[in-house]
Ligand code: SF4
């Protein structure tokens, strides 16, 4: 098993789920992207950079930097609109109603959690975990240009991994008390659709199902890796050709050269960054 496979994230699991071959190319072989993912490429790249910058603005606000100061940094049309939407969103009033948001002790912005999963380490980086007595809310900021359907979000690995991992490995954020699935709600807040967030509660049976599915997936990847000696074993190409439209490895797979439409592809190509993680500081409890 190559070292670089030691970590699994919601993105890599989603890639494996969508296309085992893409998982192999991206995470096992670490191939540079040979084709642009979507058209128009430059506009898409700019939008992604603005999205990352917006995350930083919100994080700064949540750690107590005054909104007026941060607002001045929102220096593009998109950033200005997103920032205003963030400050005015009724669903976020609990975070934005005072200059410092809520008590900082209950807000954990840009927090990383991790737990062993089979031969891997499952890692997730949360935009915000807000703890208020018994209720724990996971917030995820999205700058999509198109509001995805709730049904699509509900089955994404991000939704499943973030809630399960918080139950499994988040007790230290909760004063050392174990977190029950029923305490958790996950909210996707869309910067361009500020009054239409997607909310997902959690239950014990869902948690069990997610844990079982994660364990199964990790075992499957382990087996596929150990049996894989060439590109064509272990990690087959997806049967759903539509998944290839926005995939950067199209040329490797002879699945077309034209990039897919940016609005349709945006939801599918999102990848989170897991850089600068100090694993020594992350407590772990295995699944
Ligand atoms: S082009 Fe299609 S088959 Fe090839 S890695 Fe991408 S999604 Fe998988």
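The values are calculated or read from the model by the stated rules, or taken from the named source; none is laboratory data. Nothing here was measured: the structure is a model prediction, and the numbers come from that model. Note that each Cβ is placed from the backbone with ideal geometry, even for glycine, and that neighbours are counted across all protein chains shown.
Could you list, in sequence order, all residues of segment 241-255 that are more than 8 Å from the ligand (Cβ to nearest atom) and not in a helix (DSSP H, G or I)?
245, 246, 254, listed by residue number.
Looking at segment 232-239, is at least one residue at pLDDT below 80 and within 16 Å of the ligand (Cβ to nearest atom)?
Going through segment 232-239, the residues at pLDDT below 80 turn out to be 232-233.
Still in the running and within 16 Å of the ligand (Cβ to nearest atom): 232-233.
Taking every residue of segment 232-239 in turn, at least one turns out to be at pLDDT below 80 and within 16 Å of the ligand (Cβ to nearest atom).
Against the definition (more than 16 Å from the ligand (Cβ to nearest atom) and either in a loop (DSSP other than H, G, I, E, B) or free of Cβ contacts under 8 Å to residues at least 40 places away in the same chain (or both)), how does residue 179 come out, yes or no?
Values: more than 16 Å from the ligand (Cβ to nearest atom): yes; either in a loop (DSSP other than H, G, I, E, B) or free of Cβ contacts under 8 Å to residues at least 40 places away in the same chain (or both): yes.
For residue 179, the condition - more than 16 Å from the ligand (Cβ to nearest atom) and either in a loop (DSSP other than H, G, I, E, B) or free of Cβ contacts under 8 Å to residues at least 40 places away in the same chain (or both) - is met.
Of everything in segment 1-19, what is part of a helix (DSSP H, G or I) and either buried (at least 19 other Cβ atoms within 10 Å of the Cβ) or modelled with pLDDT of 95 or more (or both)? Give them in sequence order. I'd like the intermediate steps shown before the answer.
To start, the set of residues in segment 1-19 that are part of a helix (DSSP H, G or I) comprises 3-6, 10-18.
Of everything in segment 1-19, those that are part of a helix (DSSP H, G or I) and either buried (at least 19 other Cβ atoms within 10 Å of the Cβ) or modelled with pLDDT of 95 or more (or both) turn out to be 10, 11, 12, 13, 14, 15, 16.
Here is a list of conditions, (1) part of a helix (DSSP H, G or I); (2) modelled with pLDDT of 95 or more; (3) buried (at least 20 other Cβ atoms within 10 Å of the Cβ), and residue 92 meets all of them except one; can you say which number that is?
(2)
Being touching a residue at least 24 places away in the same chain (Cβ under 8 Å) and assigned to a strand (DSSP E or B) is the requirement here; does residue 109 meet it?
Numbers: touching a residue at least 24 places away in the same chain (Cβ under 8 Å): yes; assigned to a strand (DSSP E or B): yes.
Considered against the rule, which asks whether it is touching a residue at least 24 places away in the same chain (Cβ under 8 Å) and assigned to a strand (DSSP E or B), residue 109 comes out as yes.
Going by the structure shown, is residue 228 closer than 19 Å to residue 18 by Cα, at pLDDT below 95, within 14 Å of the ligand (Cβ to nearest atom) and surrounded by fewer than 18 Cβ atoms within 10 Å (Cβ to Cβ)? Quick ask: steps written out before the conclusion?
Details: closer than 19 Å to residue 18 by Cα: yes; at pLDDT below 95: yes; within 14 Å of the ligand (Cβ to nearest atom): no; surrounded by fewer than 18 Cβ atoms within 10 Å (Cβ to Cβ): yes.
For residue 228, the condition - closer than 19 Å to residue 18 by Cα, at pLDDT below 95, within 14 Å of the ligand (Cβ to nearest atom) and surrounded by fewer than 18 Cβ atoms within 10 Å (Cβ to Cβ) - is not met.
Can you tell which of 144, 188 is under 18 Å from the mean Cα position of the chain (by Cα), more than 21 Å from residue 8 (Cβ to Cβ) and surrounded by 19 or more Cβ atoms within 10 Å (Cβ to Cβ)?
After ruling out the rest, the residue left standing is 188.
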